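Have a look at the structure below, then the notes.
The values are calculated or read from the model by the stated rules, or taken from the named source; none is laboratory data. Here the structure is a predicted model, which means the values were calculated and not measured. Note: ideal-geometry Cβ built from the backbone for every residue, glycine included; neighbour counts use all protein chains shown. Quick note on the areas: whole protein, heavy atoms, side chains included, nothing else; ligands and nucleic acids left out. Shrake-Rupley method; radii C 1.70, N 1.55, O 1.52, S 1.80 Å.
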There are 2 protein chains.
Amino acid sequence: MTQPESVNPAATAATAPPAPLDVSALVVGVLGGTGDQGRGLAYRLARAGQQVVIGSRTAERAEAAAEQLGLGVRGADNAACARESDIVIVAVPWEGHADTLAALREELAGKIVVDCVNPLGFDKQGAYALKPEEGSAAQQAAALLPDSRVTAAFHHLSAVLLQDTAVEEIDTDVMVLGDDRAATDAVQALAGRIPGMRGIFAGRLRNAHQVESLVANLISVNRRYKAHAGLRVTDV
Amino acid sequence: MTQPESVNPAATAATAPPAPLDVSALVVGVLGGTGDQGRGLAYRLARAGQQVVIGSRTAERAEAAAEQLGLGVRGADNAACARESDIVIVAVPWEGHADTLAALREELAGKIVVDCVNPLGFDKQGAYALKPEEGSAAQQAAALLPDSRVTAAFHHLSAVLLQDTAVEEIDTDVMVLGDDRAATDAVQALAGRIPGMRGIFAGRLRNAHQVESLVANLISVNRRYKAHAGLRVTDV
């Protein structure tokens with residue numbers, strides 16, 4: 001199981017200079033880990049050597065997905081996944097976002113939560129941004145999880161590339177947002193564990209909406225160019 | 001002066017295959033060309049060989065800015081700038097955006113309008129996205145200019161880098177949005193005239209808000225990393 005005390009990223013951050021945090025011993029949970037995005041992230045993190053627990057509504061589904069991934073990935077129901085993890089990635093569909101998180105408030109207390117949900121609508125013209133009442137999915141998470149350390153990251157990844165075992169490196173930066181510096185530092189370090197990826201701090205949670213919504217634009221890019229677009233931040 | 005008939009980008013686009021449009025003969029106006037962003041864009045486009053007219057509220061201010069830039073850049077009041085140009089970049093402050101465009105509806109009729117305005121607010125925590133009633137600055141422009149071909153682009157550029165004469169290339173992609181394919185093609189081609197830049201189609205105008213607002217995130221990046229951040233779209 002995990003040892004939240006000894007591997008507390010906040011404590012590490014306080015003593016560490018700009019050098020990247022060592023998050024290699026942290027257990028990463030992926031709520032919604034049976035979906036494309038969640039499964040892809042679980043795969044990449046496990047492949048990078050991270051301990052990963054996939055969460056789903058039922059333990060059976062999660063265990064089946066975990067077994068398929070191999071690499072030591074475990075499966076559990078969402079509550080157990082949250083309890084057993086140090087960092088919990090939220091990759092559930094937007095429709096189930098609020099209900100899932102509201103039910104996990106206790107299990108997620110004290111954890112670093114990484115919201116990667118993109119609230120989008122779709123019609124015949126393609127994707128468009130939805131406008132969550134709280135401002136963004138990440139802000140909704142923060143409102144529902146007052147005892148967690150909520151960040152936002154991993155929005156702009158191609159689930160296709162993440163899951164393609166032939167792809168060695170994921171050529172993209174990961175914008176990491178949050179108001180808790182030690183938490184965003186840890187999430188940046190986690191992103192940096194995946195070959196090709198780099199975690200870039202990109203602002204406070206109040207500026208998460210546009211980062212989440214930009215996926216609608218990347219979908220347009222993908223359509224026009226038959227691509228799996230990612231983003232790099234230049235001059236950093 | 002300009003010859004809108006013979007250099008109509010729509011006509012060119014209809015006959016041309018994927019090859020980049022030739023926009024080198026088009027006159028580019030820059031409304032708000034005396035501000036940092038506008039002046040920087042005017043400089044880069046003129047340096048790339050484009051005919052550029054800077055627009056400002058008074059012809060005198062525009063002419064002074066144009067003279068400072070050299071490179072054949074002319075200055076004019078906003079109305080004359082719009083009239084004399086084929087493609088008109090809107091780089092005015094958000095506060096003056098609606099009034100400036102409403103007053104130029106006739107002059108901008110039939111023109112390709114490129115909105116690069118980022119509606120942002122600032123407080124002690126930094127920048128944050130404003131929410132224009134129309135959805136975005138670009139959609140406000142489209143609402144005010146029903147006879148123009150409104151696009152959105154050039155949001156994520158560093159005014160510092162644009163204006164730095166020692167900088168040879170601007171290392172960034174330019175997301176180009178719009179509902180008029182020939183117009184976005186022309187704006188992409190225009191972006192591509194500037195060394196280092198590449199114009200990438202990134203969706204319809206209804207998805208402009210997040211592209212405009214993302215500047216708040218880039219401001220956070222610049223603060224954290226002491227950078228002049230830009231964006232590259234990968235896999236395109």
Does the range B:102-115 contain at least one residue that is over 19 Å from B:ALA79 (Cβ atoms) and out of contact with any Cys (no Cβ under 7 Å at 6 or more places or on another chain)? no
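Counting just the residues of the range A:210-226 that are within 7 Å of chain B (Cβ to nearest Cβ) and open to solvent by 10 Å² or more (accessible area, probe 1.4 Å), which one comes out nearest to the chain's Cα centre (by Cα)?
Ranking the candidates gives A:SER220 first.
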Residue list for the range A:166-194, filter: in a helix (DSSP H, G or I) and either open to solvent by less than 10 Å² (accessible area, probe 1.4 Å) or within 14 Å of chain B (Cβ to nearest Cβ) (or both): A:ARG181, A:ALA183, A:THR184, A:ASP185, A:ALA186, A:VAL187, A:GLN188, A:LEU190, A:ALA191
Within the range B:155-165, the count of residues that are within 19 Å of B:ASN118 (Cα to Cα) and either open to solvent by 40 Å² or more (accessible area, probe 1.4 Å) or part of a loop (DSSP other than H, G, I, E, B) (or both) comes to 7
Of the numbered conditions (1) within 14 Å of the chain's Cα centre (by Cα); (2) without any contact (Cβ under 8 Å) to a residue 40 or more places away in the chain, A:GLY199 satisfies every one except a single condition; which is it? (2)
Long-range neighbours under 6 Å by Cβ, at least six apart or interchain, first residue of a type in the set (Gly, Ala, Ser) within the range B:110-139, second open to solvent by 30 Å² or more (accessible area, probe 1.4 Å): B:GLY121/B:TYR128; B:GLY121/B:LEU130; B:ALA127/B:ILE219
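Report yes if A:GLU107 is more than 14 Å from the chain's Cα centre (by Cα) and surrounded by fewer than 19 Cβ atoms within 10 Å (Cβ to Cβ), otherwise no.
No.
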What tally of residues in the range A:128-158 results from selecting those that are under 16 Å from the mean Cα position of the chain (by Cα) and under 27 Å from B:LEU205 (Cβ atoms)? 10
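Would you check if A:VAL215 is in contact with a helix residue (DSSP H, G or I) (Cβ under 8 Å, 6 or more places away or on another chain) and either in contact (Cβ under 8 Å) with a residue 60 or more places away in the chain or not hydroxyl-bearing (Ser, Thr, Tyr) (or both)? Give the derivation first.
Values: in contact with a helix residue (DSSP H, G or I) (Cβ under 8 Å, 6 or more places away or on another chain): no; either in contact (Cβ under 8 Å) with a residue 60 or more places away in the chain or not hydroxyl-bearing (Ser, Thr, Tyr) (or both): yes.
No, not satisfied.
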Over the range B:74-108, the set of residues in a loop (DSSP other than H, G, I, E, B) and aliphatic (A, V, I, L, M) is B:ALA91, B:VAL92, B:ALA103, B:LEU104, B:LEU108
Hey, among A:ALA79, A:ALA66, A:ALA91, which residue is under 24 Å from A:SER136 (Cα atoms) and surrounded by 24 or more Cβ atoms within 10 Å (Cβ to Cβ)? A:ALA91
Residue check, B:GLY55 against (1) touching a residue at least 40 places away in the same chain (Cβ under 8 Å); (2) in contact with a Cys (Cβ under 9 Å, 6 or more places away or on another chain), all met but one. Which one? (1)
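Okay, residues lined up against (1) within 14 Å of chain B (Cβ to nearest Cβ); (2) under 11 Å from A:ALA141 (Cα atoms); (3) of a type in the set (Lys, Arg):
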residue: A:HIS97; (1), (2), (3): no, yes, no
residue: A:LEU101; (1), (2), (3): no, yes, no
residue: A:ARG105; (1), (2), (3): no, yes, yes
residue: A:PRO119; (1), (2), (3): yes, no, no
residue: A:TYR128; (1), (2), (3): yes, no, no
Take the conditions among the aliphatic types (A, V, I, L, M) and under 12 Å from the mean Cα position of the chain (by Cα) and apply them to B:ILE170. Does it pass? no
Is there any pair linking a residue in the range B:19-35 that is open to solvent by 10 Å² or more (accessible area, probe 1.4 Å) to one that is acidic (Asp, Glu), with Cβ under 7 Å and at least six apart or on different chains, and which? B:LEU21/B:ASP185
